[in-house]
Amino acid sequence: MQIEVRIASQADLSELCVNHMVKLVNSVYLSAEEGLWVPVADGFPGRTSVTEIKSMWASERLALAWLGTQIIGCVHVDLIDADRAEFGMLVTAPEYRGQGLGLHLIKFAEDWARRHGCKTMQLELLTPRDWVHPVKETLHNWYGRLGYKPVRAIAPKEAFPHLVMSLSTPCKFTIYEKSI
């Protein structure tokens, strides 16, 4: 499987690609965050939107994993400060899980951060505060094997106050860091 990961360019931008990305991200998060969100009329409130994906695309902060002409994953990268970057919205198409694509995307994000002079990579993981979510526990263990350590937890109202009313259970954001 020959996968290419690169920052999405303006040449890649099309309504079809944007809509595909929104659908892919939201479908993956539907199962990954099951039980964390208050359902809306048509189910999951959605992790992302066309507006957000277009914004990430325009700011050159969205990396896409391509298999030929098919987008099979993504990761959002951003700078926090001069020494630290973060990645988020790590998504792989379900049919490509277990084949190293997630690791490939994280390595891309870490390399991107190094090229921007960063020494630390960060990620945030939303988890329920009072119970164990199986997908989140799997991610916690996987990130640990990759060298990411939890350094602190913050309440959603501190990081994303607009999301608090949409949560169906008390949650926390655990911040993980890794020296790169």
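The values are calculated or read from the model by the stated rules, or taken from the named source; none is laboratory data. Only a predicted model underlies this, so the values are computations on that prediction, with no experimental measurement involved. Counting neighbours? That spans all protein chains shown, and the Cβs are built from the backbone with ideal geometry, glycine included.
One table, with the values for the structure above:
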read-out: Condition broken by Val132, with the remaining ones in (1) under 18 Å from the mean Cα position of the chain (by Cα); (2) exposed (fewer than 13 other Cβ atoms within 10 Å of the Cβ); (3) of a type in the set (Val, Ile, Thr) satisfied; value: (1)
read-out: Every residue from region 95-129 that is in contact with a His (Cβ under 7 Å, 6 or more places away or on another chain) and either surrounded by fewer than 16 Cβ atoms within 10 Å (Cβ to Cβ) or under 25 Å from Glu60 (Cβ atoms) (or both); value: Leu125
read-out: Extreme residue, surrounded by the most Cβ atoms within 10 Å (Cβ to Cβ), among residues of region 69-85 that are in contact (Cβ under 8 Å) with a residue 24 or more places away in the chain and out of contact with any Leu (no Cβ under 6 Å at 6 or more places or on another chain); value: Val77
read-out: Residue that is surrounded by the fewest Cβ atoms within 10 Å (Cβ to Cβ) [pool: residues in region 46-66 that are of a type in the set (A, V, I, L, M, F, W, C) and closer than 17 Å to Leu90 by Cβ]; value: Trp66
read-out: Filter pass, Thr127 being over 22 Å from Ser31 (Cβ atoms) and of a type in the set (S, T, N, Q); value: no
read-out: Qualifying residue in region 107-122 (condition: within 14 Å of the chain's Cα centre (by Cα), without any contact (Cβ under 8 Å) to a residue 24 or more places away in the chain and under 14 Å from Val5 (Cα atoms)); value: yes
read-out: Single unsatisfied condition, Gly98 versus (1) on the phi > 0 side of the Ramachandran plot; (2) of a type outside the set (Val, Ile, Thr); (3) modelled with pLDDT of 95 or more; value: (3)
read-out: Out of Ala113, Ala8, sole residue that is among the aliphatic types (A, V, I, L, M) and closer than 21 Å to Tyr143 by Cβ; value: Ala113
read-out: Residue in region 30-45 that is surrounded by the most Cβ atoms within 10 Å (Cβ to Cβ), counting only those that are modelled with pLDDT of 90 or more and not aliphatic (A, V, I, L, M); value: Glu33
